[in-house]
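Quick one: this structure, given as structure tokens, is what I'll be asking you about.
The values are calculated or read from the model by the stated rules, or taken from the named source; none is laboratory data. Since we're looking at a predicted model, the values are computed, not measured. Note: ideal-geometry Cβ built from the backbone for every residue, glycine included; neighbour counts use all protein chains shown.
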């Protein structure tokens, strides 16, 4: 994911912008650049391929002067990682633009601009924005008005920052589907895609709303227009998370903190990757759209929790995109003769991107030479898995310190839903089902926040497991992998032996384990398999099993003797696996605390398994 930093200060801004870029390095990028306006309104820039350190070296060789500037880290979507494709992009040497996101209609706009005499020096969609604004500025003579006119023509997602040499010390920002915040200083004003980039200069922020356009001026003045073009006021908020990811803050354990971050990190993973009614395929890489059109089958390879995410994705990819999907445990994949159908995409999932078995599986698959291409879904931008895959999508979970994966899992699921929706669009075009899912995805962080309010209820429930040595988890359809993940979490951190089964398999063996001393946990969203699940649960009750059911508010499952029901908010059935993961994480956490185990560093386990 790209990063934006902008500043209008009472001092030279090169150091501020450079520090901001360093603070955004976690987001992933392949080039960096900076542009400033000096006191004579001369516009200059420096760009470099690679890490921010390469840009820093270029600035040491040829510093930039000015109290107004913009800077950027780029993750390539249109065009290779080259200096020419790095931001900021100029138009006629007088206007500079940095841009996060994807402009879907850039090709017809480029044709239009070329016919109007504009020449392009890059392969990017961003240069289209620069030339469009330059043309409108020539007509209107006002940068703020020019930006407002241009963004009405852009399809896709974007956050932009713009400067013009003829408009003095002024920066215009705009956002649609990609985050942008204003940092408020003392007689200084800043702009960034993430408040973390600006914490060295301010802790006061204005979070721009969807469709907002903002004008930043000398002395800290600003003006904001909403999507209708009307002036609006936005609240100034004090940033209260200065302890950073390395601190537990108000939480007792990192795992607990990371569970409660899931609403925020899922929102971050969705930002900039959704258009009004579809997912943006370009988010997966510059060649994704062309490759997606050729896919006829998918192989997903992963380990542990990531493997469970892949199992959920199989249901989504086959239902939504109609693509046959096979899910493999990475440690087994290389040791059997895998048949690879024509035009098969090889997908790897990993939090760290350094998981030894998954990385070895990728290299083995690439060595075979019979896969169409490779895609990595990963939480670490510079990891081996990302570097060695043809396409990649970063989950923006941030650092995950607890060994038992929580937010990395749900952001993987979110990314996999984006993949399923992107492939559906390639095969079927735009349709109401996909548009409805996009709307449900936008509301998902709110549903997650509501679900996490069950924490106190689940903490009380944990006492029923404190003295147990075994537990059984049940689910059907997409909830079977979630049952597997719930059982894995419980055994990882509480050391209770736990197993998971498809509920329909009870009669085929697991029912023999059920008695009054075996708690049975079931996940019961309101989907097409609910009635069958109810019959399976009745089989448990008639044998004296103690049931703990996480159920949709409208499921009709009621509490009775031996049956405890925890009601969850209503959610689209295809997104239910993400939501129903949360109470199982909370249950495992509270049981582990009750039993006094080392929650964040359970025995015998490591966070990143980098050996086979």
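List every residue pair whose Cβ atoms lie under 8 Å apart, where the two residues are 6 or more positions apart in sequence or sit on different chains, the first residue falls within the range 562-576 and is outside the structural domain of residue 520 (by TED's automatic domain parsing), and the second residue, located anywhere, is surrounded by fewer than 22 Cβ atoms within 10 Å (Cβ to Cβ) and outside any strand (DSSP E or B).
From residues that are outside the structural domain of residue 520 (by TED's automatic domain parsing), there are no pairs.
On the given criteria, is residue 180 at pLDDT 95 or above and buried (at least 20 other Cβ atoms within 10 Å of the Cβ)?
For residue 180, the condition - at pLDDT 95 or above and buried (at least 20 other Cβ atoms within 10 Å of the Cβ) - is not met.
This table checks each residue for (1) modelled with pLDDT of 95 or more; (2) buried (at least 19 other Cβ atoms within 10 Å of the Cβ); (3) in a loop (DSSP other than H, G, I, E, B).
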| position | (1), (2), (3) |
| --- | --- |
| 223 | yes, no, no |
| 227 | no, no, yes |
| 241 | no, no, yes |
| 248 | no, no, yes |
| 252 | no, no, yes |
| 266 | yes, yes, no |
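Which condition breaks for residue 145 when tested against (1) within 21 Å of residue 231 (Cβ to Cβ); (2) in contact (Cβ under 8 Å) with a residue 12 or more places away in the chain; (3) part of a helix (DSSP H, G or I)?
Status for residue 145: all satisfied but (2).
Output the residue which, of all residues in the range 44-78 that are part of a loop (DSSP other than H, G, I, E, B) and under 27 Å from the mean Cα position of the chain (by Cα), is surrounded by the fewest Cβ atoms within 10 Å (Cβ to Cβ).
50
Determine whether residue 422 is touching a helix residue (DSSP H, G or I) at 6+ places or on another chain (Cβ under 6 Å) and part of a strand (DSSP E or B).
When the stated conditions are applied, residue 422 does not pass them.
A further question on this structure: Can you tell me which residue among 103, 151 is within 27 Å of residue 21 (Cβ to Cβ), modelled with pLDDT under 95, within 30 Å of the chain's Cα centre (by Cα) and assigned by TED's automatic domain parsing to the domain that holds residue 218?
So the residue among 103, 151 that is within 27 Å of residue 21 (Cβ to Cβ), modelled with pLDDT under 95, within 30 Å of the chain's Cα centre (by Cα) and assigned by TED's automatic domain parsing to the domain that holds residue 218 is 103.
Can you name the residue in the range 466-491 that is touching a helix residue (DSSP H, G or I) at 6+ places or on another chain (Cβ under 8 Å) and more than 21 Å from residue 506 (Cα to Cα) and, of all such residues, is surrounded by the most Cβ atoms within 10 Å (Cβ to Cβ)?
Ranking the candidates gives 489 first.
Residue-by-condition table, conditions (1) out of contact with any strand residue (DSSP E or B) (no Cβ under 8 Å at 6 or more places or on another chain); (2) farther than 26 Å from residue 411 by Cα; (3) not assigned by TED's automatic domain parsing to the domain that holds residue 435:
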| site | (1), (2), (3) |
| --- | --- |
| 192 | no, no, yes |
| 217 | no, yes, yes |
| 234 | no, yes, yes |
| 271 | no, no, no |
| 274 | no, no, no |
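Okay, next question. Given the residues 415, 449, 420, 440, which is the only one that is at pLDDT 95 or above, in contact with a strand residue (DSSP E or B) (Cβ under 9 Å, 6 or more places away or on another chain) and either under 14 Å from residue 574 (Cβ atoms) or surrounded by fewer than 21 Cβ atoms within 10 Å (Cβ to Cβ) (or both)?
Numbers: 415 fails: either under 14 Å from residue 574 (Cβ atoms) or surrounded by fewer than 21 Cβ atoms within 10 Å (Cβ to Cβ) (or both); 449 fails: in contact with a strand residue (DSSP E or B) (Cβ under 9 Å, 6 or more places away or on another chain); 440 fails: in contact with a strand residue (DSSP E or B) (Cβ under 9 Å, 6 or more places away or on another chain).
Result of the check over 415, 449, 420, 440: 420.
Continuing with this model, one more query. Which members of the range 159-177 meet the condition of being buried (at least 24 other Cβ atoms within 10 Å of the Cβ) and either in a helix (DSSP H, G or I) or at pLDDT below 95 (or both)?
Selection gives 159, 175.
In addition: Take residue 406 and tell me if it is at pLDDT 95 or above and in contact with a strand residue (DSSP E or B) (Cβ under 8 Å, 6 or more places away or on another chain). Can you show your working first?
Values: at pLDDT 95 or above: yes; in contact with a strand residue (DSSP E or B) (Cβ under 8 Å, 6 or more places away or on another chain): no.
The answer is no for residue 406.
If I filter the range 508-520 down to residues being touching a residue at least 40 places away in the same chain (Cβ under 8 Å) and in a loop (DSSP other than H, G, I, E, B), which single residue comes out as nearest to residue 487 (Cα to Cα)?
Just the residues of the range 508-520 that are touching a residue at least 40 places away in the same chain (Cβ under 8 Å), to begin with: 513-514, 517-520.
Among the residues that remain, those that are also in a loop (DSSP other than H, G, I, E, B) are: 514, 517-518.
Working: 514: 16, 517: 17, 518: 13 Å.
Looking at residues that are touching a residue at least 40 places away in the same chain (Cβ under 8 Å) and in a loop (DSSP other than H, G, I, E, B), I get 518.
Mind checking which residues of the range 178-216 are touching a helix residue (DSSP H, G or I) at 6+ places or on another chain (Cβ under 8 Å) and not in a loop (DSSP other than H, G, I, E, B)?
Matches in the range 178-216: 181, 183, 184, 189, 190, 192, 196, 197, 198, 205, 213, 215.
Which one is farthest from residue 87 (Cα to Cα) among residues in the range 23-43 that are more than 20 Å from the chain's Cα centre (by Cα) and buried (at least 18 other Cβ atoms within 10 Å of the Cβ)?
Among residues in the range 23-43 that are more than 20 Å from the chain's Cα centre (by Cα) and buried (at least 18 other Cβ atoms within 10 Å of the Cβ), the one farthest from residue 87 (Cα to Cα) is 37.
Would you confirm whether or not the range 521-538 contains a residue that is within 21 Å of residue 467 (Cα to Cα), at pLDDT 90 or above, in contact with a helix residue (DSSP H, G or I) (Cβ under 7 Å, 6 or more places away or on another chain) and not in a helix (DSSP H, G or I)?
Checked against the condition, which is being within 21 Å of residue 467 (Cα to Cα), at pLDDT 90 or above, in contact with a helix residue (DSSP H, G or I) (Cβ under 7 Å, 6 or more places away or on another chain) and not in a helix (DSSP H, G or I), the range 521-538 yields at least one hit.
Let me ask you something else. If you go through the range 341-354, how many residues are touching a helix residue (DSSP H, G or I) at 6+ places or on another chain (Cβ under 7 Å) and either in contact (Cβ under 8 Å) with a residue 60 or more places away in the chain or part of a loop (DSSP other than H, G, I, E, B) (or both)? Spell out the reasoning first.
First, pick out the residues of the range 341-354 that are touching a helix residue (DSSP H, G or I) at 6+ places or on another chain (Cβ under 7 Å): 346, 348-351, 353-354.
Going one step further and asking which of them are either in contact (Cβ under 8 Å) with a residue 60 or more places away in the chain or part of a loop (DSSP other than H, G, I, E, B) (or both), we end up with 349, 351, 353-354.
Summing the residues that are touching a helix residue (DSSP H, G or I) at 6+ places or on another chain (Cβ under 7 Å) and either in contact (Cβ under 8 Å) with a residue 60 or more places away in the chain or part of a loop (DSSP other than H, G, I, E, B) (or both) in the range 341-354 gives 4.
Right, another one. Tell me, which residue of the range 269-311 that is out of contact with any helix residue (DSSP H, G or I) (no Cβ under 7 Å at 6 or more places or on another chain) and in a strand (DSSP E or B) is surrounded by the most Cβ atoms within 10 Å (Cβ to Cβ)?
299
Related question: Considering only residues that are assigned to a loop (DSSP other than H, G, I, E, B) and modelled with pLDDT of 90 or more, look in the range 550-579 and name the one that is farthest from residue 314 (Cα to Cα).
Here the answer is 569.
I need the full set of residues from the range 546-556 which are without any contact (Cβ under 8 Å) to a residue 40 or more places away in the chain and crowded, with 20+ Cβ neighbours inside 10 Å, in order please.
547, 549, 550, 551, 552, 555
Something else now. If you go through the range 312-328 one residue at a time, do you hit one that is in the same structural domain as residue 270 (by TED's automatic domain parsing), touching a residue at least 60 places away in the same chain (Cβ under 8 Å) and in a loop (DSSP other than H, G, I, E, B)?
Checked the range 312-328: at least one residue is in the same structural domain as residue 270 (by TED's automatic domain parsing), touching a residue at least 60 places away in the same chain (Cβ under 8 Å) and in a loop (DSSP other than H, G, I, E, B).
State yes or no: is residue 179 within 30 Å of residue 106 (Cα to Cα) and free of Cβ contacts under 8 Å to residues at least 24 places away in the same chain?
Against the criterion (within 30 Å of residue 106 (Cα to Cα) and free of Cβ contacts under 8 Å to residues at least 24 places away in the same chain), residue 179 does not qualify.
For residue 41, all conditions in the list (1) modelled with pLDDT of 95 or more; (2) touching a helix residue (DSSP H, G or I) at 6+ places or on another chain (Cβ under 9 Å); (3) over 22 Å from residue 123 (Cβ atoms) hold save one; what is the number of the exception?
In the conditions (1) modelled with pLDDT of 95 or more; (2) touching a helix residue (DSSP H, G or I) at 6+ places or on another chain (Cβ under 9 Å); (3) over 22 Å from residue 123 (Cβ atoms), residue 41 misses (1) alone.
Still on this structure: From the list 183, 141, exactly one residue is touching a strand residue (DSSP E or B) at 6+ places or on another chain (Cβ under 8 Å) and over 26 Å from residue 282 (Cβ atoms). Which is it?
Being touching a strand residue (DSSP E or B) at 6+ places or on another chain (Cβ under 8 Å) and over 26 Å from residue 282 (Cβ atoms) holds for just one of 183, 141, which is 183.
Let me spell it out: the conditions are (1) in contact with a strand residue (DSSP E or B) (Cβ under 7 Å, 6 or more places away or on another chain); (2) outside any loop (DSSP other than H, G, I, E, B); (3) touching a residue at least 40 places away in the same chain (Cβ under 8 Å), and residue 36 meets all of them except one. Which number is the exception?
Checking residue 36 against (1) in contact with a strand residue (DSSP E or B) (Cβ under 7 Å, 6 or more places away or on another chain); (2) outside any loop (DSSP other than H, G, I, E, B); (3) touching a residue at least 40 places away in the same chain (Cβ under 8 Å), the one that fails is (3).
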